Amino acid sequence: MTNQLKDLVLGLYGRTPIPIDSGLAKTILKNYKRGEKPVKGRPADYLPPEIPEAKKRIGHLARTEEDVLAYILYPATMEKFLQSKYATKPVVSPEAEKFPQKKVAA
């Protein structure tokens, strides 16, 4: 079973239109790292805050809240994009790396 299905049964996507059978939920959530009992409250209350940690990891590269949120969604891609966007590190195209002695049009 996928973690997404387990998260759904756990209640992290909100309430399902039809309640999930408790026996089935118990089977699906057995030994699940996020919990074995479905949540009763607001799903976001059970998730750890991500923004402060993401701000620490991305550091000076993120200059707006949108930069931070995009970084949370796509960490590797956004780090490279933000380096390019704010010119904090020279960006070398993959073609230029293959032929360092030649100038390659970007």
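Nothing in this text is a laboratory measurement; each read-out follows from the coordinates by a stated rule. Bear in mind the structure is a predicted one, so any value in this text is a computation, not a measurement.
Gain on full extension, evaluated as 0.36 nm per residue between LYS33 and LYS85 minus their Cα-Cα distance, stands at 14.9 nm. Within a straight-line Cα-Cα reach of under 20 Å, LYS26 can be paired with the following aspartates and glutamates, leaving aside sequence neighbours fewer than 8 residues apart in one chain: ASP7, GLU36.
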